[in-house]
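Take a look at the structure set out below.
The values are calculated or read from the model by the stated rules, or taken from the named source; none is laboratory data. Bear in mind that the values here come from a model prediction, so they are computed numbers and not experimental data. A quick note on method: Cβ atoms are made from the backbone with ideal geometry, for glycine too, and the neighbour counts reach across all protein chains shown. Heavy atoms of the whole protein, side chains included, go into the accessibility calculation; ligands, DNA and RNA do not. Shrake-Rupley method; radii C 1.70, N 1.55, O 1.52, S 1.80 Å.
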Amino acid sequence: MKLQDGSLTPLYQQVMDHIRDDIHRGTYAEGDRIPSEAELSEIYGVSRITVRRAVKELSDDGYLTKRQGKGTFVSRPKLMRKLHQDSSTQSFTDTCREAGRKPGARLLGRELTEAWTEEREFLGLGEGARLIHVRRLRTVDGIPIMLENNFFPAEGFGFLLDEDLEDVSIFDVVERHTGRRPNGDDACTLEIVRATSELSAPLGVPLGEPLFYEHIDFTDQDGAPMMIGKQYIVGSLYVFNI
């Protein structure tokens with residue numbers, strides 16, 4: 001399985017995401033022993049140091065459990081509770097303005113990346129399809145609050161590679177170009193993770209600080225799959241009203 005060296009997403013995070021998705025999809029079930037560091041290193045084509053960090057982070061987040069002399073095993077699944085919510089989707093910019101706060105957005109990078117299996121399945125893309133990954137730091141009254149990672153199909157959204165995305169709503173930009181706007185979600189999960197060095201620095205929080213991790217499969221106003229969001233949010237500054 002080929003990962004992308006030099007991507008906005010560090011290699012260890014890519015390994016983490018793949019293993020976590022395999023757990024969610026049932027490829028690895030509760031109690032299963034995952035491949036060894038050497039085997040994972042070969043599977044993903046990365047160093048054992050990279051694999052070791054990915055496994056440690058997943059263990060810290062409660063997905064894996066190490067057993068001395070036996071290997072690493074999938075932990076008991078986190079309890080998932082379904083909460084019903086309004087079907088409409090409010091942009092971060094609108095949320096801030098509604099609260100009388102000033103929204104901000106600083107572009108940290110954008111790139112073309114190969115879509116993973118689960119991303120292709122949701123977006124209805126074929127083998128080898130590519131996505132546009134836009135990473136931004138969102139602020140409220142100048143204070144960092146969210147590390148935003150949005151993924152759009154490369155076909156039909158190429159304008160995002162050149163558009164000015166500083167201090168604007170990406171929803172507004174997309175609607176202006178395509179007439180489409182995220183208006184609901186096919187799946188949305190929210191969990192607590194701990195800030196790694198790559199997350200703590202831009203967000204200005206201590207290493208290990210609890211963060212909300214929000215993964216959303218967005219649909220548009222017609223219910224068609226549109227984009228995927230993976231956001232890391234400072235827990236001490238944000239409240240979800242569901």
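Report whether or not Gln4 is buried (at least 19 other Cβ atoms within 10 Å of the Cβ) and not basic (Lys, Arg).
So Gln4 fails the test.
Which of the strands (runs of 3 or more DSSP E) found entirely inside the range 165-242 contain at least 1 residues meeting this: acidic (Asp, Glu)?
So the answer is 182-194, 210-220.
Would you please name the residue that is farthest from Ala154 (Cα to Cα), looking only at residues in the range 100-116 that are open to solvent by 30 Å² or more (accessible area, probe 1.4 Å) and either hydroxyl-bearing (Ser, Thr, Tyr) or in a loop (DSSP other than H, G, I, E, B) (or both)?
Ranking the qualifying residues of the range 100-116, first place goes to Gly100.
Taking the range 201-234, which residues are surrounded by fewer than 18 Cβ atoms within 10 Å (Cβ to Cβ), farther than 22 Å from Asn183 by Cα and without any contact (Cβ under 8 Å) to a residue 60 or more places away in the chain?
Answer for the range 201-234, where residues must be surrounded by fewer than 18 Cβ atoms within 10 Å (Cβ to Cβ), farther than 22 Å from Asn183 by Cα and without any contact (Cβ under 8 Å) to a residue 60 or more places away in the chain: Ala201, Pro206, Leu207, Gly208, Glu209, Pro210.
Taking the conditions exactly as written (modelled with pLDDT of 95 or more and within 28 Å of Val205 (Cβ to Cβ)), does Gly109 satisfy them or not?
yes
Could you tell me whether any residue of the range 154-170 is open to solvent by less than 30 Å² (accessible area, probe 1.4 Å), in contact with a Leu (Cβ under 8 Å, 6 or more places away or on another chain), at pLDDT 95 or above and within 29 Å of Glu37 (Cβ to Cβ)?
For the range 154-170, residues open to solvent by less than 30 Å² (accessible area, probe 1.4 Å), in contact with a Leu (Cβ under 8 Å, 6 or more places away or on another chain), at pLDDT 95 or above and within 29 Å of Glu37 (Cβ to Cβ): absent.
Determine, yes or no, whether Thr139 is touching a Gly at 6+ places or on another chain (Cβ under 7 Å), among the polar types (S, T, N, Q) and buried (at least 16 other Cβ atoms within 10 Å of the Cβ).
When the stated conditions are applied, Thr139 passes them.
Which numbered condition trips up Ala54, out of (1) open to solvent by 20 Å² or more (accessible area, probe 1.4 Å); (2) not in a strand (DSSP E or B)?
(1)
For the range 171-190: of the residues being within 23 Å of Ile143 (Cβ to Cβ) and in contact (Cβ under 8 Å) with a residue 60 or more places away in the chain, which is least open to solvent (accessible area, probe 1.4 Å)?
Here the answer is Phe171.
I'd like the residue in the range 72-94 that is at pLDDT 85 or above and either of a type in the set (A, V, I, L, M) or surrounded by 15 or more Cβ atoms within 10 Å (Cβ to Cβ) (or both) and, out of all such residues, is farthest from His18 (Cα to Cα).
Thr93
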